[in-house]
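Chemist: Quick one: the structure is below, and I'll ask about it shortly.
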Amino acid sequence: MNAYDEAIGTPAISATARAISRRNLYHWLLLLLLPVGFILTFYVYPLTRMLLMSFFDPQFTWEHYAHFIANPAYSTVLIETFKMAASVTVICFVLGYPVAYLLSNSPPRVSSLLMIIVVLPFLTAILVRTYAWMVMLGRNGVLNQVLLQTGLISSPLKLMHNLIGVYVGMVQILLPFMIMPLYSVMSGINKDYMKAAENLGASPVRVFTNVFFPLSLPGVGGGCLLVFIIGLGFYITPALLGGISDVMISMLIEAQVNTLLNWGFASALAVILLGLTLFLFYFYNRFFGVDKLMGGH
């Protein structure tokens, strides 16, 4: 490098580099502005306002939470909500695990076709699917008419406005949320482990129970977590297919907002539900890891 470069060139190059660095920083800030603004506007602000409304009505008060604790009917509804979500989660696991196992062990063309069938319900709105189940399960619905015409029953079965209708509707809607995490984990399991166990003399049952199933546990945890959390906040399906006694916490919140106009107590109920959901999420992250939720390693 000559004296001119040392005296003039190097500062010019440094200034240009700083200008480019500032320009790149501005570009990154502009790129981050939209997603950060979206999160702040549609997630952080509503949650913060909901939390404040549960404590300020209009002055600071514990009244809404005290009312929840003092009235056992609300805690009963919350417990029943957890029971219903847990039951739906177990049913989805029993039905979804074999489907995910079949998907992960089928040829690519067959697996792709089956996966399309699994995700196809997502193209239809939940409300439309719930109305379809009302047509299927009603007293004069398709299922009862078929059973009556075949002589299997003498009078229509009560398949709706009870827990049967709620379970059928929720399982049909939530089953893909169980299958997809299971399939994601199962498809990443090294098949050489099973072959090694077979070569060592293990039976197919032992290969599955001792090798394959333990390796699929992250998918089991992820699928159960997704189905359970979504099931806790379900509203449309229980409201349309359930009975008077099949009340979930989301239905209580809706009644407090739209019927009683008690936004403070509705916010308190939502905060309680959110807190319990976050605790479950923390519990899952502690024992399984959030990165394994959709099959990460």
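The values are calculated or read from the model by the stated rules, or taken from the named source; none is laboratory data. As the structure is a prediction and not an experimental result, all values here were calculated from the model. Cβ placement follows ideal geometry from the backbone for every residue including glycine, while neighbour counts extend to all protein chains displayed. Heads up: the accessible areas ignore ligands, DNA and RNA and are worked out on the full protein's heavy atoms, side chains in. Shrake-Rupley method; radii C 1.70, N 1.55, O 1.52, S 1.80 Å.
Chemist: Determine the distance separating the Cα centre of segment 135-174 from the Cα centre of segment 178-230; give it in Å without decimals.
Modeler: Comparing the Cα centres of segment 135-174 and segment 178-230, I get a distance of 34 Å.
Chemist: Moving to a separate point now. May I ask you to derive the FRET efficiency for LYS195 and VAL110 from their Cβ-Cβ distance with R0 = 25 Å, giving the value to the nearest 0.05? Let's see the in-between values first.
Modeler: On the way: r = 21 Å, r/R0 = 0.84.
About 0.75, to the nearest 0.05.
Chemist: For segment 81-232, what is the accessible area per residue in Å², given a 1.4 Å probe and the full set of protein chains?
Modeler: Numbers: 8070 Å² over 152 residues.
Accessible area per residue, segment 81-232: 53 Å².
Chemist: Let me ask something else. Total Lys pairs in the chain closer than 28 Å by alpha-carbon, pairs eight or more apart in sequence or interchain only?
Modeler: Numbers: LYS83/LYS158; LYS83/LYS292; LYS191/LYS292; LYS195/LYS292.
Within the chain, the lysine pair count is 4.
Chemist: Dipole magnitude of segment 181-289 about its Cα centre, charges +1 at Lys/Arg Cβ and -1 at Asp/Glu Cβ only, in debye to the nearest 20?
Modeler: Values: 4 positive and 4 negative charges, 68 e Å.
Approximately 320 debye in magnitude.
Chemist: If you stretched the chain out fully between VAL205 and ALA66, how much longer would it get, using 0.36 nm times the residue separation minus the C-alpha to C-alpha distance? Walk me through the numbers on the way to the answer.
Modeler: Values: separation 139, 0.36 × 139 = 50.04 nm, distance 5.30 nm.
Using 0.36 nm per residue and subtracting the Cα-Cα distance, I get 44.7 nm.
Chemist: Tell me, what HN-Hα J-couplings in whole Hz come from the Karplus equation 6.51 cos²θ - 1.76 cosθ + 1.60 at θ = phi - 60° for each residue of segment 59-76, using x for Gly and Pro?
Modeler: Coupling constants for segment 59-76: 8, 4, 7, 9, 4, 5, 6, 5, 5, 5, 5, 6, 9, x, 5, 5, 5, 5 Hz.
Chemist: Angle, helix 163-186 long axis vs. longest principal axis of the chain, Cα atoms, 0 to 90°, nearest 10?
Modeler: The answer is roughly 40 degrees.
Chemist: Which value, in debye to the nearest 20, describes the size of the charge dipole of the chain about its Cα centre when Lys and Arg Cβ atoms bear +1, Asp and Glu Cβ atoms bear -1, and nothing else is charged? Intermediate values should be presented prior to the final figure.
Modeler: Details: 14 positive and 10 negative charges, 105 e Å.
The calculation lands at about 500 debye.
Chemist: Would you mind calculating the gained length between GLN59 and LEU157 on full extension (0.36 nm times residue separation, minus the Cα-Cα distance), in nm to one decimal? Write down the numbers at each step before the final one.
Modeler: Details: separation 98, 0.36 × 98 = 35.28 nm, distance 5.24 nm.
The span from GLN59 to LEU157 would gain 30.0 nm if fully extended.
Chemist: Obtain the nm distance between the two label points defined at ALA132 and SER87 by a simple spin-label model: each point lies 7 Å from its Cα along the Cα-to-C-beta direction.
Modeler: 2.4
Chemist: Turning to a different aspect of this structure: Expressed as a whole percentage, what fraction of the accessible surface of the chain belongs to carbon and sulfur atoms when a 1.4 Å probe is rolled over the protein heavy atoms? Walk me through the numbers before you get to the answer.
Modeler: Numbers: 12930 of 18120 Å².
Summing carbon and sulfur atoms, their accessible area is 71 percent of the total for the chain.
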